[in-house]
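Structure first, commentary second.
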Amino acid sequence: MAEEREARITVTEDGPYRVSGRPPVVPGRIQRSEYGESMDWETGEPIPTGKQFLLCRCGRSKTKPFCDDSHLEGFDGTETADRRPTAERRHAFEGGSLTLTDDRPLCAHAAFCERVDNNAWNMVRHGTDEERAEVEGIVARCPSGRLELWREGERVEPDYEPSVVVQRNGPYWVRGRIPVESADGTAWEVRNRVALCRCGQSRNKPFCDGTHREIGFRG
């Protein structure tokens, strides 16, 4: 049935993410410039999965990215993120025909928006045509969806196929508008780009807030 094939992620209470619908799960890492700037994504071959599988959320599994029941040793997975629509939190930055909107609490600190001597907000407001054109790629690579780009009133979004990228030492980059359901049965807002916490320590669960960098998460 079509419903069975639709990709979906369910947050379980103090436990892993239950994934159904067989979205591809691929390893990924951020490619960096000689100056340490985040430039692009490199992804590998899909990891074999079953029809339904569990992805580790506590950060302690010895079979990452899959769950091995380590959460049963004690894990507080309480979902604390703001449930309001992201549009209610966004701040707009305008330049030329572009509007960059920013929902800062979603930031996963992938840092595609930063350059040694520039950033996405400045590129939109004060940049050259070439710099403004670069912003579209920056936003497309932002895994959390913190940044959104609009051109003359139309949202500019990449057409991602549903998939889950397991970022090396970082979160799950969920692409392609895969629905995420809370442990209490409430549906989180469906977005094209979502970063789900994988280290277990985010203060914005189920979403990543960059804590994996602070604690030196490896996986």
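The values are calculated or read from the model by the stated rules, or taken from the named source; none is laboratory data. Predicted model only: the values in this text are computed from it and were never measured. Here the Cβ positions follow ideal geometry from the backbone for every residue, glycine too, while neighbour counts run over all protein chains shown.
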Criterion first (within 16 Å of the chain's Cα centre (by Cα), surrounded by 15 or more Cβ atoms within 10 Å (Cβ to Cβ) and under 25 Å from R203 (Cβ atoms)) does V19 satisfy it?
yes
For residues that are in contact with an Asp or Glu (Cβ under 7 Å, 6 or more places away or on another chain) and assigned to a loop (DSSP other than H, G, I, E, B), tally how many sit in the stretch 109-130.
1
Top-ranked residue of the stretch 116-139 - restricted to ones that are small (G, A, S) and in contact with a strand residue (DSSP E or B) (Cβ under 8 Å, 6 or more places away or on another chain), ranked as farthest from V156 (Cα to Cα)
G127
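Yes/no matrix, rows are residues, columns are (1) crowded, with 19+ Cβ neighbours inside 10 Å; (2) modelled with pLDDT under 95; (3) among the β-branched types (V, I, T):
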residue: D14; (1), (2), (3): no, no, no
residue: V25; (1), (2), (3): yes, no, yes
residue: S33; (1), (2), (3): no, no, no
residue: G36; (1), (2), (3): no, no, no
residue: L54; (1), (2), (3): yes, no, no
residue: R60; (1), (2), (3): no, no, no
residue: K64; (1), (2), (3): no, no, no
residue: D69; (1), (2), (3): no, no, no
Residues of the stretch 184-200 satisfying the condition of being part of a loop (DSSP other than H, G, I, E, B) and either under 11 Å from the mean Cα position of the chain (by Cα) or buried (at least 17 other Cβ atoms within 10 Å of the Cβ) (or both)
W188, R191, N192, C197, R198, C199, G200
Of the residues in the stretch 170-183, how many are charged (D, E, K, R) and either within 16 Å of V26 (Cα to Cα) or free of Cβ contacts under 8 Å to residues at least 12 places away in the same chain (or both)?
1
Being hydrophobic (A, V, I, L, M, F, W, C) and farther than 24 Å from P65 by Cα narrows it down to one residue among V194, V164, V190, V156; which is it?
V156
Being touching a Ser or Thr at 6+ places or on another chain (Cβ under 7 Å) and assigned by TED's automatic domain parsing to the domain that holds C58 narrows it down to one of C197, C208, so name that one.
C208
For the stretch 80-113, give me each residue that is in contact (Cβ under 8 Å) with a residue 60 or more places away in the chain and either crowded, with 18+ Cβ neighbours inside 10 Å or within 26 Å of M39 (Cβ to Cβ) (or both).
T86, P105, L106, C107, A108, H109, A110, A111, F112
Filter the stretch 171-183 for residues that are assigned to a loop (DSSP other than H, G, I, E, B) and within 18 Å of G77 (Cβ to Cβ) and give the result.
P171, S182, A183
Determine which single condition R203 fails, assuming it passes every other condition in (1) closer than 24 Å to L55 by Cβ; (2) surrounded by 18 or more Cβ atoms within 10 Å (Cβ to Cβ).
(2)
Scan (1) among the β-branched types (V, I, T); (2) in a loop (DSSP other than H, G, I, E, B); (3) over 13 Å from the mean Cα position of the chain (by Cα) for the single condition V135 breaks and write down its number.
(2)
